[in-house]
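What follows is a set of notes on a single structure, which appears directly below.
The values are calculated or read from the model by the stated rules, or taken from the named source; none is laboratory data. Treat the numbers as computed from the prediction; the structure is a model and nothing was measured. Neighbour counts run over all protein chains shown; Cβ positions are idealised from the backbone, glycine included. The accessibility values were calculated without ligands, DNA or RNA, using every heavy atom of the protein model including side chains. Shrake-Rupley method; radii C 1.70, N 1.55, O 1.52, S 1.80 Å.
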Amino acid sequence: MADQTTASATPTTAPAAAEPTELWVERTGTRAYTGRSSRGAEVLIASQGVPGAFTPGELLKIALAGCSGLSADFPLSRKLGDSFDAIIRVSGDADRENEVYPQLDEVFELDLSELDEQARERLLVTVQRAIDKVCTVGRTLKAGAKVTLTFDIEA
């Protein structure tokens, strides 16, 4: 009897990728906008001092801290359990002459008191590597990004 090999069926097309989230801001008042996503999320954006709203610079900092947290979540939960507490504080003063943030500082607050010193050091190295590898916001800020602007106007 001859040796027969049967090929397993393979899909001819790759699984459909999730639709990209659309993002936009809408003007809601003088120096006030609402940021929106196609997933239904909203954030209020306004000048500094407007109650209940973030400035664009604050959102940049929040995005960095949030990205670091999400990037670190898996290695931290694997070691500390799913219910660990974490706060990531982010700060950085604007250089108003050049309208940039020359430095952003993050402080990751964690309770690692249940780990011995070697386990803490290993975990922090793992967390730093995860953030460096997959935090898109931090990687983009460190690398710089080309930003383009076009206008779609009614004439």
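Being assigned to a loop (DSSP other than H, G, I, E, B) and either more than 15 Å from GLY92 (Cβ to Cβ) or open to solvent by less than 20 Å² (accessible area, probe 1.4 Å) (or both) is the filter here; which residues of segment 28-48 pass it?
THR30, ARG31, SER38, ARG39, GLY40, ALA41, SER47
So which residues in segment 127-141 are without any contact (Cβ under 8 Å) to a residue 60 or more places away in the chain and buried (at least 16 other Cβ atoms within 10 Å of the Cβ), if there are any at all?
Listed by number, the residues that qualify are VAL127, ALA130.
Is it the case that LEU124 is part of a helix (DSSP H, G or I), among the aliphatic types (A, V, I, L, M) and open to solvent by 70 Å² or more (accessible area, probe 1.4 Å)?
Criteria met by LEU124.
For segment 64-81, name all the residues that are under 15 Å from VAL137 (Cβ atoms) and open to solvent by 40 Å² or more (accessible area, probe 1.4 Å). It would help to see each step written out before you state the result.
Going through segment 64-81, the residues under 15 Å from VAL137 (Cβ atoms) turn out to be 64-73.
Residues satisfying the conditions are LEU70, ASP73.
Sort through PRO102, PRO51 and tell me the only one that's touching a strand residue (DSSP E or B) at 6+ places or on another chain (Cβ under 8 Å), open to solvent by 80 Å² or more (accessible area, probe 1.4 Å) and without any contact (Cβ under 8 Å) to a residue 12 or more places away in the chain.
PRO102
Has segment 51-59 got any residue that is farther than 24 Å from VAL25 by Cβ, assigned to a loop (DSSP other than H, G, I, E, B) and over 14 Å from the mean Cα position of the chain (by Cα)?
no
From the list VAL90, VAL107, pick out the single residue that is hydrophobic (A, V, I, L, M, F, W, C), open to solvent by less than 60 Å² (accessible area, probe 1.4 Å), in contact with a Lys or Arg (Cβ under 7 Å, 6 or more places away or on another chain) and touching a residue at least 12 places away in the same chain (Cβ under 8 Å).
VAL90
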